[in-house]
Every structure is written in C-alpha cells, then in structure tokens.
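Heads up: the structure comes next, in structure tokens.
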Amino acid sequence: MTTQEVKRKLTAILSADVKGYSRLMGEDEKGTVRILNAYKEVMTGLIQHHRGRVVDAPGDNVLAEFASVVDAVECAVEIQKELKTRNADLPENRKMEFRIGVNLGDVIEDGEQILGDGVNIAARLESLSEAGGICISGTAYDQVENKLSLGYKYLGEQVVKNIAKPVRVYRVLMEPEAAGKVIGDKKIALRRWQRPTLALVVVFILVIATIAIWKNYTSPSKVEVASKEKMAFPLPDKPSIAVMPFMNMTGDPSQEFFCDGFSENLITALSKVPQLFVIARESTFSYKSKAVKVKQVAEELGVQYVLEGSVQRAGNRVRVTAQLIDALKGHHLWADRYDREWKELFAIQDEITKQVISALQVKITWGEISGVFARGTENLEAYMKAGEAIWYCGQGTIEGVNRARQLAQEALALDPKYPTAYLALGLVHLTDTIIGLSKNRKESIESSNKMLQKAIELDPSFTKARATLAFNLVMLSRHDEAVAEGERCYQLEPNSVGTLFWYGTILISVGRVEEAVSLLKEAIRINPIPPNTYLRNTAIALRELGRYEEAIAYLKRAVEREPTDFLAYYGLAATYSMAGRMEEARAAAKEVLRINPRITRHFTTFPLKDPVARERLAEALGKAGLPD
C-alpha cells in the first residue's frame, strides 16, 4: 500500500480473547475447540445484531469494529452476560471466560483489515480486563458516559506496550446497582475562566500536600487495625510478615511472571533470616488480583506485618513502590518509591529487603547477610529467563514446559554457572514425567537429577535444588539418599516451607511419621492456605499413626477446596477403610473412579519403603472397592 493509498477512519474497536486459553487447551483440546467455536458463533451473532463487523477471529481472539461506541459497549456487555449464562452449565475448570477491550481510535483500512494504534490499544485494554469483564479507553468512555445504564471504575492512566502515551482506562461495571456510578477520577474539561482559579487551587494543594507528607513521616497514616483475638493462628514469638504479590502496573500480562518473581524473591530473601517468620508464597498469592485489606490478610494468615507494592516497567526504566504496614498498630512503618534503570533491579530488591529487616529491628550476622542476598548471577537477562522458565513449568501444560525448556537453555547460554538456570532445566525434565511428555520416566528423572546436582555443585546451600533432588530420589526408591538430602536441606534452611514440606514427605516414605507430622504441620502454619498436596501428605502421615479422624479432617478440607481432587478421595477411601467405616470408604472409592476411571488400588503418590505398609494400603483400598 503506497502513502497515497492509505485510508484512515475513526472507528470503535472491540478486541476479545480467552483468559487461561493455554491451560484449557492443555487439559482438553477437542472440548476447548468445541466450546470456543460455539462461543465465537454467539459473539458473531451479537456483533452483527449491534451493527458491527467481525474483522478477524484467529485462535481464541475476536476483533470487531462498530460505527458507534455505544453499540460496541452494549455489544460487549451482552456478550459477557450471554457467556456467563452458558458458563454456568460447565464445570469450574472448563469455564471459558473472555476478556474484552473497547477503544475509539484512528485506524488504517487495508482491504477488510484494520490496523494501527487504535487496534493495538483495544488489545491492550483487553489484557487489562478481568475474566468475564470489560475495559474501555478514555476516548470510548467520553462517548458513552451518560448514554448507557452502566457504571464505571476509573483505573487511571496506564502505560501499555508499544503505545507512546499512557491511556486512560475505565472498567465497565455491569451490575444493576452500579448504574450511573463512576468510581474514581474523571477527565474534566476546563473553561477558560477556570484555569487561573485552578492554578491557585494547585498551589494551595501543594502547600497542604507538603504539610501532609511531613505529618506522614512524623505521624504515620492509619489503616484499619487487625485484631489479635480474631487471628486464625496465634502470632509467632518473632516478627511475622506476609509479602503480598506486587501489582503489575505495566499493563502487559506477559510481565506477570516478572512481578510474581519479584515478590517471590523478596519472600525467599526474608525467609532466610532466622529471626523472621515469613508466610509462604502460595498463601499470599491466593490474594492476587483481589481487593483485600491489610486487616483481613493479617487476621487470616496470623501475622503482624504486611509488605505490599507495585512494579511498572517501561523500556529500560522500572518503577517499584513498596510499603511495610504494622497491622496491629494500623500504620506504615516504612514506604518508598524507586525510579531506576532496569539494570538496577537487583539493587532495588536488596534495598527493600534491607529496609524491611531494619524496620522490624532484626539483627543478623554477617554470615546470614551473605545468605540473604545470595543470587547466583549478576546477569539480569539470565535471571529473568530462569525465573520465567520456572513460572512456565508451574503452569503444568505441554506448551508451558516446552517454553520453559527453551528459556532455561537460553539462561544457561547467558550464564553457564547460574544455579537457578540448572534448577529450571531440572524442573523441566521432572515436569515432562508429570504431564506425560516423557517417553522414559526413569531416564527423565535421572536427567533432572543431573541438572539438580550441577546446581548444587555451583551452590551447595541451594535448598530448592536439594529438595527437588530429594523428591526425585524418593520417586526412584532411593530412600536413604533422599533422607540424607532432606536432612541437609533442613540443616541449611529450617524455616523454609519447601524444606519442611519435602523433608516431611520423605520421612513418611521411610516410616518416620511422627517427625513427618511435626514438620508438615509447621509447613502448613507457614503456608496457611496451602496446596492440597500439603493436606493430603499430612493426612497420610496421620493415617500411618492410626490417627484416622485427624487424617479424615485434612482430606475433607482438601475435597472441599477441590471437588475433583481424586487423590484426596483416594486417601479418604484408604483411611475410612482402615478405620472400619466401610460404607464411607466405598463411597469415596466411587468418587475416585468417577473422576479417574483408570486408577488402581496399587497407585500411590510416592513409594513407601516398607513392603508391609504398601500391602496394608493396597488391602484397605481393595476392601473399599478400588480395582487391582
């Protein structure tokens, strides 16, 4: 297309995609494609009904244009309402929720296609939207503000990828009670006579703000006070802290892993301080993307202090904000903002860690200091790639593990002596066996061990690598070696939730169940909102001790949280059977077979060393009705 042939126009653009599409495809490709096609057909019909046109619909994306912004937003609302109704009939893990962005902008026409910043902004708005939600730009909001029975929440000016200027963003509130409401600031056009008045007001506000800032440092701002009596757990006898997931202010969902990694690294560093009690990642991350108060977090996790903040990256610059709050006193102990070059990210992490340790008045030795700030590489790109690889491994999908493999190898190419890169590759080989990519399970575990041993050679104190290696050794029935690795982890980091969990799990396999129960319960205190595997393994240890009622309580908690957790039902079938409660045992076994028809009674989550214990378990499951 030549310059003379370029045709431009102003149009309303609707962009939509599926939240969690890769996970849905990884779990059930055929079912996902079937539902996707049905939903796209519904969306196309609604777009046409509102006088719009579908421009493109590759994969899980839909791009449409409308002559009217009102039509575009009305259509987006009807789409979300219709899909919500259809999703109500689907199991929780199969619901297909779209995110929608609407923008009014200038586009270039290229045949039937439309191109340009107008389209790009709509796509960025879609990525800022919640599953089942709608975000619109400021230009779109200005056209629909008083024309529809909807509410809006102003999300501020967002820096979005590949767009030079920040974009005003509003979230559409579709609930009937929100109609006519606008939460947050609005863009106000000023008349000429108002400008001098505004200048005086600005000066006045600056004076007041200066006084307020001074008062903030001399008398910290108050937040709602948490109640020690309402805490779910007794406060530990040392400073206790929960590090919340730092908010991704970049506007790019692909940067989520980076923000998550930033928060996780702070958790890891602080957990290496013996004088601190630090809540594990899984528990604090359960609050991610939720509007929760510090009071609620402190009471539910049983901590006095909460660290929260945000990260925003733009090109080679990064802005990080952080604040430490004493939930029991209701004020900020410390707050700061860091505007730095991207290459100074490590320095920012270290400064925040130091400030928290200082604010909590914790004294640590020089030896402990070196452990807290040990990172393994000074190559920021290698650090980012290794962290992203581990994040992709955690997604548990074929697409994710293959991406993780590539990133781990790239990290090693950048720094061949980086322990975390070897850990990432070790996790890739292990994940291959878990999701069925491995052609030879034993060989894959041995390949994982080779990478983990290399990580340990480079950093003998690297407990994450040691704990993973210990788990692999149990899977290979090399119990004595596994126990030795577990003990070494425990000596190095007795406060690490990963160490407590994996060492406790290993001790179950060799019959040291009293010790296992103690370690696993300690892990659950550090991780009060734990993964189900914590609950299941604790129940196994209690069952081996004959404490059936306690074991059943843990397993019921797991089933309540995840009704499709067949391993929890498997544990219930065995425990009920051993307790002589055969009717309940058979009912649990039926649930196992309903969820996973291929399971047998010789299936186990990890091999028990004692053959008598193995046979006892198989016999109990046989009585419950699980097939041989």
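Going through Val292, Val278 one at a time, which residue ends up being buried (at least 22 other Cβ atoms within 10 Å of the Cβ) and β-branched (Val, Ile, Thr)?
Val278
Test Pro239 against the stated conditions and say whether it is modelled with pLDDT of 90 or more, surrounded by 20 or more Cβ atoms within 10 Å (Cβ to Cβ) and not hydrophobic (A, V, I, L, M, F, W, C). It is true that Pro239 is modelled with pLDDT of 90 or more, surrounded by 20 or more Cβ atoms within 10 Å (Cβ to Cβ) and not hydrophobic (A, V, I, L, M, F, W, C). Residues in the range 304-318 that are crowded, with 21+ Cβ neighbours inside 10 Å and hydroxyl-bearing (Ser, Thr, Tyr): Tyr305 alone. Where strands (runs of 3 or more DSSP E) sit wholly within the range 60-174, those with at least 2 residues that are assigned by TED's automatic domain parsing to the domain that holds Leu24 and of a type outside the set (A, V, I, L, M) occupy 62-66, 98-110, 134-137, 151-158, 167-173. Residues in the range 24-59 that are crowded, with 16+ Cβ neighbours inside 10 Å and either farther than 22 Å from Val102 by Cβ or not assigned by TED's automatic domain parsing to the domain that holds Glu109 (or both): Leu24, Met25, Gly26, Thr32, Ile35. Could we say that Leu270 is under 16 Å from Asp350 (Cα atoms) and either at pLDDT 90 or above or among the polar types (S, T, N, Q) (or both) here? So Leu270 passes the test.
Within the range 69-91, restricting attention to residues that are touching a helix residue (DSSP H, G or I) at 6+ places or on another chain (Cβ under 8 Å) and closer than 16 Å to Ala12 by Cβ, the residue that is surrounded by the most Cβ atoms within 10 Å (Cβ to Cβ) is Ala72.
In the range 454-470, which residue that is hydrophobic (A, V, I, L, M, F, W, C) and within 18 Å of Arg281 (Cβ to Cβ) is surrounded by the fewest Cβ atoms within 10 Å (Cβ to Cβ)?
As a first pass, look at the range 454-470 and keep what is hydrophobic (A, V, I, L, M, F, W, C): 455-456, 458, 462, 465, 467, 469-470.
Still in the running and within 18 Å of Arg281 (Cβ to Cβ): 462, 465, 467.
Values: Phe462: 24, Ala465: 27, Ala467: 26.
Filtering the range 454-470 for residues that are hydrophobic (A, V, I, L, M, F, W, C) and within 18 Å of Arg281 (Cβ to Cβ), the one surrounded by the fewest Cβ atoms within 10 Å (Cβ to Cβ) comes out as Phe462.
This table checks each residue for (1) of a type outside the set (A, V, I, L, M); (2) closer than 23 Å to Pro419 by Cβ; (3) part of a helix (DSSP H, G or I).
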{"site": "Asn449", "(1), (2), (3)": "yes, yes, yes"}
{"site": "Leu452", "(1), (2), (3)": "no, yes, yes"}
{"site": "Ala455", "(1), (2), (3)": "no, yes, yes"}
{"site": "Phe501", "(1), (2), (3)": "yes, yes, yes"}
{"site": "Glu515", "(1), (2), (3)": "yes, no, yes"}
{"site": "Leu519", "(1), (2), (3)": "no, no, yes"}
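Filtered by the rule that a residue be assigned to a helix (DSSP H, G or I), modelled with pLDDT under 90 and under 25 Å from the mean Cα position of the chain (by Cα), the range 356-381 gives Val372, Leu380, Glu381. Taken over the range 120-138, the criterion of being surrounded by fewer than 23 Cβ atoms within 10 Å (Cβ to Cβ), closer than 13 Å to Ile13 by Cα and in contact (Cβ under 8 Å) with a residue 60 or more places away in the chain is satisfied by Ala123 alone.
The residue of the range 37-56 that is nearest to Ile435 (Cα to Cα), among those that are in contact with a strand residue (DSSP E or B) (Cβ under 7 Å, 6 or more places away or on another chain) and aliphatic (A, V, I, L, M), is Met43. Pairs linking a residue in the range 419-445 that is of a type in the set (S, T, N, Q) to a residue that is exposed (fewer than 15 other Cβ atoms within 10 Å of the Cβ) and in a helix (DSSP H, G or I), with Cβ atoms under 6 Å and 6 or more positions apart or on different chains, are Thr433/Arg441.
When the range 312-350 is filtered for residues that are in contact with a Phe, Trp or Tyr (Cβ under 6 Å, 6 or more places away or on another chain) and either farther than 28 Å from Val225 by Cβ or not in a strand (DSSP E or B) (or both), the ones remaining, listed by number, are Asn316, Val318, Ile348, Asp350. From the set of residues in the range 8-26 that are of a type in the set (S, T, N, Q) and in a strand (DSSP E or B), which is nearest to Cys393 (Cα to Cα)? Among those that are of a type in the set (S, T, N, Q) and in a strand (DSSP E or B), it is Ser15. Leu458 meets all of the listed conditions (1) in contact with a His (Cβ under 6 Å, 6 or more places away or on another chain); (2) in contact (Cβ under 8 Å) with a residue 60 or more places away in the chain but one, namely (1).
Every residue, every condition in (1) within 24 Å of Asp71 (Cα to Cα); (2) at pLDDT below 85; (3) within 24 Å of the chain's Cα centre (by Cα); (4) not aliphatic (A, V, I, L, M), yes or no:
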site	(1), (2), (3), (4)
Val144	yes, no, no, no
Leu148	yes, no, no, no
Gln158	no, yes, yes, yes
Ala189	no, yes, no, no
Val202	no, yes, no, no
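Restricting the range 426-450 to residues that are farther than 18 Å from Ile398 by Cβ and more than 26 Å from the chain's Cα centre (by Cα), the residue that is surrounded by the fewest Cβ atoms within 10 Å (Cβ to Cβ) is Lys442. In the set (1) of a type in the set (Lys, Arg); (2) in contact (Cβ under 8 Å) with a residue 60 or more places away in the chain; (3) assigned to a loop (DSSP other than H, G, I, E, B), the condition left unmet by Arg536 is number (3). Tallying residues that are at pLDDT below 90 and touching a helix residue (DSSP H, G or I) at 6+ places or on another chain (Cβ under 6 Å) within the range 58-68 yields 1.
Which of the following residues is surrounded by fewer than 24 Cβ atoms within 10 Å (Cβ to Cβ), in contact with a Gly (Cβ under 8 Å, 6 or more places away or on another chain) and farther than 30 Å from Gln296 by Cβ: Glu487, Glu544, Glu549, Glu481? First the steps, then the outcome.
Details: Glu487 fails: in contact with a Gly (Cβ under 8 Å, 6 or more places away or on another chain); Glu549 fails: in contact with a Gly (Cβ under 8 Å, 6 or more places away or on another chain); Glu481 fails: in contact with a Gly (Cβ under 8 Å, 6 or more places away or on another chain).
Only one candidate qualifies: Glu544.
The values are calculated or read from the model by the stated rules, or taken from the named source; none is laboratory data. Remember, it's a predicted structure, so these values are computed and weren't measured experimentally. Here the Cβ is made from the backbone with ideal geometry for all residues, glycine too, and neighbour counts use every protein chain on show.
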